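**Q** Structure provided below as structure tokens; questions to follow.
The values are calculated or read from the model by the stated rules, or taken from the named source; none is laboratory data. Only a predicted model underlies this, so the values are computations on that prediction, with no experimental measurement involved. Quick reminder, even Gly has a Cβ in these numbers, built from the backbone with ideal geometry, and neighbours come from all protein chains shown. Heads up: the accessible areas ignore ligands, DNA and RNA and are worked out on the full protein's heavy atoms, side chains in. Shrake-Rupley method; radii C 1.70, N 1.55, O 1.52, S 1.80 Å.
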Amino acid sequence: MKNLPRLGVNIDHVATLRNARGENYPSPLRAALLCKEYGADGITAHLREDRRHINDGDILEIKKKVDLPLNFEMAPTSEMLQIAIKTKPNACCIVPEKREEVTTEGGIDVIRNHKSLVNLIRELKDNSIRVSLFIDPSNDQITAAKDIGADIIEIHTGEFCKNVHLGLNFESSFEKIKEASFFANHMGLEVHLGHGITFESIEKLSEIEEIKEFNIGHFIISESIFLGLKDTIYEFKRLIEKGRTSK
């Protein structure tokens, strides 16, 4: 079927496992190459300021050796801006970052950070890098993202996915994502989804026609312990198609 949402695989947690023992394995580069072999449409990697998982060398190797679009997640800092310009990824996804958090806890506040984001986005686009903003499903944030020149928004799906996982009512959180996706698409922004997505939540999210890409990391890497990377990616691709065609 044509025009299915793309599947981007976040390989951060391969690096987390590597760093736990201070070894040079498992290799994020090898994981990225296998993701390509098994049908992933893109690779995502978040170079955090504290380098807790992916490091600078990983980013350079992946960009050089993996023939898939690289979605470079980064905090809105001058250091990360310079690394992005040097690396030339397909896109940069700007995310909020706190040293004390385990993982990204929510979307960036585009309205509050308007002044600093404008200059950063301009420099990225001047270097032919597409710009994505990781935001909560809010029309005000989407409007602000459009106003400052973003090409893409990635909507934070954490609340919805957590509700699905815990067996709680998820309709309200799903409707927020659905309505935000429609609004963003109407504004001329490409719409991606990410955070906390599992086999249980992907099919429902795939019903949203405006979604062009899913970025999934923690579940793919953890489920690969049991199913293997190949079958985990295959299953996500199957569920994406099932969700898109079941309406």
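**Q** Filtering the stretch 78-104 down to residues that are open to solvent by less than 40 Å² (accessible area, probe 1.4 Å), modelled with pLDDT of 95 or more and in a loop (DSSP other than H, G, I, E, B), which residue is nearest to Gly217 (Cα to Cα)?
**A** Top of the filtered list is Val95.
**Q** Can you pull out the residues in the stretch 159-182 that are within 21 Å of Gly149 (Cα to Cα) and open to solvent by less than 50 Å² (accessible area, probe 1.4 Å)?
**A** Listed by number, the residues that qualify are Ala180, Ser181.
**Q** I've got another one for you. Could you check Leu117 against (1) touching a residue at least 12 places away in the same chain (Cβ under 8 Å); (2) over 18 Å from His53 (Cα atoms); (3) surrounded by fewer than 20 Cβ atoms within 10 Å (Cβ to Cβ) and say which number it fails?
**A** Only one criterion is unmet by Leu117, namely (3).
**Q** Please name all residue pairs, on different chains or six or more residues apart, with Cβ atoms under 7 Å, provided the first residue is in the stretch 54-76 and is in contact (Cβ under 8 Å) with a residue 12 or more places away in the chain and of a type in the set (Lys, Arg) and the second residue is part of a strand (DSSP E or B) and open to solvent by less than 60 Å² (accessible area, probe 1.4 Å).
**A** Final answer for the pair search is Lys63/Leu70.
**Q** Has the stretch 141-157 got at least one residue that is open to solvent by less than 70 Å² (accessible area, probe 1.4 Å) and more than 19 Å from Ala184 (Cα to Cα)?
**A** Checking the stretch 141-157: not a single residue is open to solvent by less than 70 Å² (accessible area, probe 1.4 Å) and more than 19 Å from Ala184 (Cα to Cα).
**Q** Restricting attention to the stretch 231-247, which residues are more than 15 Å from Ile11 (Cβ to Cβ) and either at pLDDT 95 or above or under 20 Å from the mean Cα position of the chain (by Cα) (or both)?
**A** The answer is Asp231, Tyr234, Glu235, Lys237, Arg238, Leu239, Ile240, Glu241, Lys242, Gly243, Arg244.
**Q** Hey, can you tell me all the residues within the stretch 224-235 that are in contact (Cβ under 8 Å) with a residue 24 or more places away in the chain and open to solvent by less than 50 Å² (accessible area, probe 1.4 Å)?
**A** The answer is Leu229, Ile233.
**Q** Considering Lys204, Lys212, which residue is open to solvent by 10 Å² or more (accessible area, probe 1.4 Å) and in a strand (DSSP E or B)?
**A** Selected residue: Lys212, the only one of Lys204, Lys212 that is open to solvent by 10 Å² or more (accessible area, probe 1.4 Å) and in a strand (DSSP E or B).
**Q** So which residues in the stretch 121-149 are in a helix (DSSP H, G or I) and in contact with a strand residue (DSSP E or B) (Cβ under 7 Å, 6 or more places away or on another chain), if there are any at all?
**A** Passing the criteria: Ile121, Leu124, Lys125, Gln141, Ile142, Ala145.
**Q** State yes or no: is Ile221 crowded, with 21+ Cβ neighbours inside 10 Å and either touching a residue at least 40 places away in the same chain (Cβ under 8 Å) or not in a strand (DSSP E or B) (or both)?
**A** Here the answer is yes, as Ile221 does meet what is asked.
**Q** Among the residues of the stretch 29-47, write down those that are in contact (Cβ under 8 Å) with a residue 40 or more places away in the chain and in a loop (DSSP other than H, G, I, E, B).
**A** Tyr38, Gly39, Ala40, Asp41 - these are the residues of the stretch 29-47 that are in contact (Cβ under 8 Å) with a residue 40 or more places away in the chain and in a loop (DSSP other than H, G, I, E, B).
**Q** Tell me which residues, restricted to the stretch 1-57, are among the polar types (S, T, N, Q), over 28 Å from Ser78 (Cβ atoms) and buried (at least 16 other Cβ atoms within 10 Å of the Cβ).
**A** Scanning the stretch 1-57 gives a single hit, Ser27.
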